[in-house]
Each structure stands twice: as structure tokens, then as C-alpha cells.
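What follows is a short report on a single structure.
The values are calculated or read from the model by the stated rules, or taken from the named source; none is laboratory data. If you're wondering where the values come from, they're calculated on a predicted model, not measured in any experiment. Please note: Cβ atoms are built from the backbone with ideal geometry, for glycine as well, and neighbour counts cover all protein chains shown. To get the accessible areas, we keep the full protein, side chains included, count just its heavy atoms, and leave off ligands, DNA and RNA. Shrake-Rupley method; radii C 1.70, N 1.55, O 1.52, S 1.80 Å.
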Amino acid sequence: MTDDQSEIAEQAARWVVEEGLEYGPAKRRAAKELGLSGRGSLPSNEVLEDAVMDYIAVFCADTQPHELQALRRLALDWMARLSEFRPHLGGAVWHGTATRKSDIYLQLFCDDSKSAEIALIDQRVNYLARTVKGFHGEAVDALSVHAFCVELNEDIGVHLMIYDFDDLRGALKFDAKGRSPRGDITAVQGLLSQLAA
């Protein structure tokens, strides 16, 4: 890793934690502010995640564990509501780097791509539909809702990425650090029980 990448990672980590920015926008904003350009100067997501963990350890160690637990409980509530679509939690809430500024990202694996949308309508949930990049760079439908988190006393963004059922197998391959990039209801329950212990 170059000095430029390290500097970008440190600056971007602050925005990820304090403002809830996603990794890509945070890295680009840090590079621009530091006067560094070009994709080659951007650190990897793994490097940024390490910087985020360092930032949390120094500046948020007293608040972040409670916030993470509250977000995981909220995610678990939504996973239970949508259990028929084989929900998996990913992102910062899954990996343990989330704060109250973080959104929740759930991947749903559906037999019919419109069935999750119909379930939200049936539950009288207001949502915004859009298209985003999936975990392999492909275009996927995303349904975004605002969910009130009682423990944090604020609205949290919950984003439901809609995948075909057949995509589930590839979704469970380990990442560069040898971790599962997402977890099902049982795995999230396990994380919550670890924090409670």
C-alpha cells in the first residue's frame, strides 16, 4: 500500500463512520480533497475496512458496540418479516463496522423477482424502487425503506437487493479475508448472542 492510499483510507474512514458514506464515494471524496486522482491511488475496500475499524476503536469504542447491536436487531426483524425470500445480511452491519449512520443491506433470493415487492405492498410498507450494482457488478433491483429503530430513536435505511434464487450459491463464497460476505437469519442470531455474552 502506498502512502497516498493510506492517507485516503484514513480520511475516507472518518466519513464512513461519521457520515455513513459508502466505501466508493468516501474514497473518491477523500482522494479529491487530498488532491490525489486516478483509480490506482485508491485503496482497496479491505484496506478501508481496516481503517474504519481503527477509527471506531479510537473514536467510537464506547458507543459503536451498542449501535451495532441495535442495527443487527433491526436487520433481524426485517429478515424475519421477509423470511420467505431467504434474506442474507451484508455490508457494515454484517461485518461489524456499522454505526448509527450506517444503512442495513439485505439480499433477498427470490423465485420471482416481483414477489418481494408484492410482500412489501401487502405489509403496507412504503418503499423506493431503483436499480443498483449487485455483488458481481450486475444490475439488480433494490427496494429501499425507512425503518424506525427504537433503540437508536431514529430512522435507518434498509435496502433490499433482489436476486434470483440461483444466485444464492455464489453469494456465499468467502471474501479476500476468508470471511463469508453475508449471513442468514441463524448467522445474525449467532452474532447477536456473541455480543450479548
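Side notes on the structure shown:
- Test: residue in region 121-130 that is open to solvent by less than 90 Å² (accessible area, probe 1.4 Å), of a type in the set (Val, Ile, Thr) and touching a helix residue (DSSP H, G or I) at 6+ places or on another chain (Cβ under 7 Å): no
- Only listed residue being more than 17 Å from the chain's Cα centre (by Cα), at negative phi and not charged (D, E, K, R), chosen from Val93, Val145, Val150: Val150
- Residue match in region 52-61 (condition: small (Gly, Ala, Ser) and open to solvent by less than 20 Å² (accessible area, probe 1.4 Å)): no
- Among residues of region 34-45, those that are out of contact with any helix residue (DSSP H, G or I) (no Cβ under 8 Å at 6 or more places or on another chain) and either surrounded by 16 or more Cβ atoms within 10 Å (Cβ to Cβ) or part of a helix (DSSP H, G or I) (or both), counted: 2
- Looking only at region 1-33, residues that are open to solvent by 40 Å² or more (accessible area, probe 1.4 Å) and aromatic (Phe, Trp, Tyr) come to 1 in all.
- Against the list (1) of a type outside the set (D, E, K, R); (2) modelled with pLDDT of 95 or more; (3) crowded, with 19+ Cβ neighbours inside 10 Å, the condition Gly183 fails is (2).
- Pairs where the first residue, in region 5-33, is under 20 Å from Tyr105 (Cα atoms) and in a helix (DSSP H, G or I) and the second is hydrophobic (A, V, I, L, M, F, W, C) and open to solvent by 60 Å² or more (accessible area, probe 1.4 Å), C-beta under 8 Å, 6+ apart: Val17/Phe59
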